[in-house]
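The structure appears below as structure tokens.
The values are calculated or read from the model by the stated rules, or taken from the named source; none is laboratory data. Remember, predicted model here, so these are calculated numbers, not experimental data. Positions of Cβ are generated from backbone atoms using ideal geometry, with glycine treated the same way; all protein chains shown enter the neighbour counts. With ligands, DNA and RNA removed, areas are computed over all heavy atoms of the protein, side chains included. Shrake-Rupley method; radii C 1.70, N 1.55, O 1.52, S 1.80 Å.
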Amino acid sequence: MASWNSIPLEITYQVLGWTAFLSWTLCYYPQVISNFRRKSVVGLSFDFVILNLTKHTSYLIHNASLYFSSAIQKQYYEKYGYGQMIPVAANDVAFSIHAVLVTSVILLQIAIYERGGQKVSKITIAIVSAVWLFAAVCFFIALPSRSWLWLISIFNSIQVFMTVIKYIPQVFMNFARKNTEGFSIGYILLDFCGGVTNLMQMTVQSIDQGSWVNFHGNMGKMLLCLVSIIFDIIFMCQRFVLYPHKEPQVSPKSIEESREPLVLSVDSRESE
């Protein structure tokens with residue numbers, strides 16, 4: 001089992017990891033708070049939330065299994081070499097647990113708040129059902145030979161696939177409505193920060209080990225970060241460039257009318 005060669009790089013790795021954890025953890029709360037204040041989830045794509053929950057559940061299975069299971073770690077070392085480090089850190093596991101919980105809270109808000117006629121599409125229901133059926137089949141394939149590393153790599157691939165498609169419904173909803181109201185920009189900004197710092201964390205580990213196995217040994221995490229960053233940039237363009245938030249315009253006539261006294265003075269009445 002490999003160890004750190006540089007203490008400063010190890011400290012940097014930990015700082016970046018927990019910064020990413022905080023960014024990706026806090027990013028959900030602007031949306032939760034916005035839903036609570038408005039008592040409405042109009043503008044938030046339900047397909048995005050359902051796909052996101054599937055994605056985070058798959059990622060949790062991968063991270064927790066690789067981080068806690070000695071049997072899976074042994075299979076990892078046999079495949080990539082005992083000189084390599086496990087590419088999953090404690091912050092990855094903590095993030096996954098929290099993400100599943102808070103996404104479930106958003107689903108609860110969807111159930112109890114004003115929905116404005118929005119609903120989960122049949123396509124999303126079909127995709128989620130197919131994904132979990134596929135995962136179940138893979139489990140029974142891996143069971144006889146105990147190919148657990150292969151199995152969790154399947155869950156890692158699932159979370160990458162879900163990351164690629166989960167943002168698409170929200171992008172098209174924003175495009176169709178020509179605004180981003182109801183979808184918190186705070187989520188996007190913090191998600192972007194989390195993706196960047198996670199990539200930096202992986203780079204620091206690779207520099208210390210003098211090997212880039214860390215990246216293709218955890219291809220899912222790398223692709224997760226890259227895909228998230230790309231879509232976050234798209235959302236930022238929609239929010240700040242294409243469909244910027246506009247304050248309600250008040251006409252000059254309304255302003256003048258608001259300045260007129262509600263009760264005319266005595267002199268004014270006499271002059272009339």
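The fraction of Cα-Cα pairs per 10 angstrom bin, counted from 0 for segment 81-160, comes to 13, 29, 36, 16, 5, 1 percent, rounded to whole percents.
Close amide H pairs (under 5 Å, H built 1.01 Å from N) link S40 with E114, residues at least 5 positions away or on another chain. Applying a DSSP loop filter and a limit of 13 other Cβ atoms within 10 Å to the chymotrypsin sites (Phe, Trp or Tyr not before Pro) in segment 72-181 leaves Y82. All Cα-Cα distances of segment 113-174, cut into 5 Å bins from zero to the largest, leave 4, 14, 20, 19, 14, 11, 8, 5, 3, 1 percent in each bin in turn.
Applying both filters, DSSP loop and at most 16 other Cβ atoms within 10 Å, to the trypsin sites (Lys or Arg not before Pro) of segment 107-146 gives R115, K119, R146.
Annotation for S69 and L9: the two label points, set 7 Å from Cα along the Cα-Cβ direction, are 2.9 nm apart.
Using a ≥ b ≥ c from the Cα gyration tensor of segment 117-216 (square roots of the eigenvalues), is it rounded, prolate or oblate, where a/c under 1.5 gives rounded and otherwise the larger of a/b and b/c decides, a/b for prolate? The shape class here is oblate. Note on the chain: with neighbouring protein chains present and a 1.4 Å probe, carbon and sulfur make up 68 percent of its accessible heavy-atom surface. The Stokes-Einstein estimate for segment 15-59, based on a Kirkwood radius over Cα pairs and taken at 37 °C with 0.692 mPa s viscosity, is a diffusion coefficient of 271 µm²/s.
Loop-located trypsin sites (Lys or Arg not before Pro) across segment 1-43 with a Cβ neighbour count of 15 or fewer within 10 Å are K39, with loop assigned by DSSP. Think of it as helices only: each DSSP H run of n ≥ 4 in the chain is worth -39500 (n - 2.57), and spread over all residues that comes to -24000 deg cm²/dmol at 222 nm. Which residues in segment 94-129 place their backbone N less than 14 Å from a point set 7 Å from the Cα of L22 along the Cα-to-Cβ direction? Those under the cut-off are none; the list is empty. Take the Cα radius of gyration of the chain and divide it by 2.2 N^0.38 Å, N being the number of residues; the result is 1.34.
Based on protein heavy atoms only, segment 91-204 ends up with 48 Å² per residue of surface accessible to a 1.4 Å probe. Taking the three principal axes of the alpha carbon atoms in segment 164-246, the coordinate ranges are 50, 21, 16 Å, sorted in descending order.
Per the Kirkwood definition applied to all pairs of different Cα atoms, how many angstroms is the hydrodynamic radius of segment 42-181?
16.7
The value obtained for segment 1-82, namely the Cα convex hull volume divided by the number of residues, is 126 Å³ per residue.
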